[in-house]
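Down below is the structure, laid out as structure tokens.
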Amino acid sequence: ENYIYTPDGGLDWNRLAERIGKAIREIDPDTPIIVACAVGGNPVGFGSLRPIDVPNTIYTVHCYLPHGYTHQGVHGAKMVGAYPGVKHDGRVWNKEMLRRSLEPVVKFQQQYKVPIYVGEFGAARWAPGAEQYLADYIDLFEEYGWDWTYHAFREYPGWSLEHEDGVVRKDAALKPVRESARGKVMKEAFRAPVVNK
């Protein structure tokens, strides 16, 4: 959280990422290397990210914007409302706002002709409208030709696609379901025909 990008500074992530990439290539010439931007892979970090001079590199982004929506109710965070329409940072969030939030990544991809991988995206299972949020993001990822991974499978119950949508009381056991609304969105996306990239 205290990271401040300064070109050629002691915290120059671009320089460090390239050094790491070249060190990997000394012992492994083939395995793809995935590089995230500082801070935490957030789309805005692509404004200061530069491609590394290492072959077979993929650039990854994490999509949780707006964070107040995706993480509402997580570890006691306040509930902020439904998507689309949730107000955060003075803006109303919908598919068009998600598109705008991804502009630094799209610009990076177009400028440097590099592959993009969405390494994480998701919303708490009790976030109202989470299924539409996921569907809108997937539409955008597919439009841009990006590979993507949902976060996360069987890691934290709050992201679970295998449990009921909505708030579960702390004293209630998680209830597995055949198909949550969010899980249905993901299954439909997985069934979609693969488009040549």
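The values are calculated or read from the model by the stated rules, or taken from the named source; none is laboratory data. Computed from a prediction, not measured in an experiment: that's the story for all the values here. Virtual Cβ from ideal backbone geometry, glycine too; neighbours counted across all protein chains shown. Surface areas here come from the heavy atoms of the whole protein model, side chains and all, with no ligands, DNA or RNA. Shrake-Rupley method; radii C 1.70, N 1.55, O 1.52, S 1.80 Å.
Values for this structure:
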item	result
Surface/4 estimate of mean projected area, convex hull on alpha-carbon atoms of segment 111-155, nm²	3.8 nm²
Fraction of beta bridges assigned by DSSP in segment 1-147 that are antiparallel (%, nearest 5)	15 percent
Charge dipole of the chain about the Cα centre (unit charges at C-beta), most positive-ward option of 49, 193, 117	193
Protection proxy ranking of 151-159, 120-128, 101-109 - average other beta-carbon atoms within 10 Å, highest first	120-128, 101-109, 151-159
Where trypsin sites (Lys or Arg not before Pro) fall in DSSP loop in segment 6-94, at most 11 other Cβ within 10 Å	78
The chain: most fluctuating residue of 61, 92, 44 per GNM, C-alpha cutoff 10 Å	92
Sites residue 113 and residue 15 - FRET efficiency at Förster radius 22 Å, r taken between beta-carbons, to 0.05	0.50
Cα-Cα pairs of the chain separated by more than 29 Å (percent)	30 percent
The chain - percent of accessible surface contributed by carbon and sulfur, probe 1.4 Å	54 percent
Accessible surface, per residue, of segment 95-182 when the full set of protein chains is kept, probe 1.4 Å, Å²	52 Å²
Where N is the number of residues in segment 56-157, Cα Rg divided by 2.2 N^0.38 Å	1.09
By accessible area with a 1.4 Å probe, ligands and nucleic acids excluded, highest first: order of 112, 150	112, 150
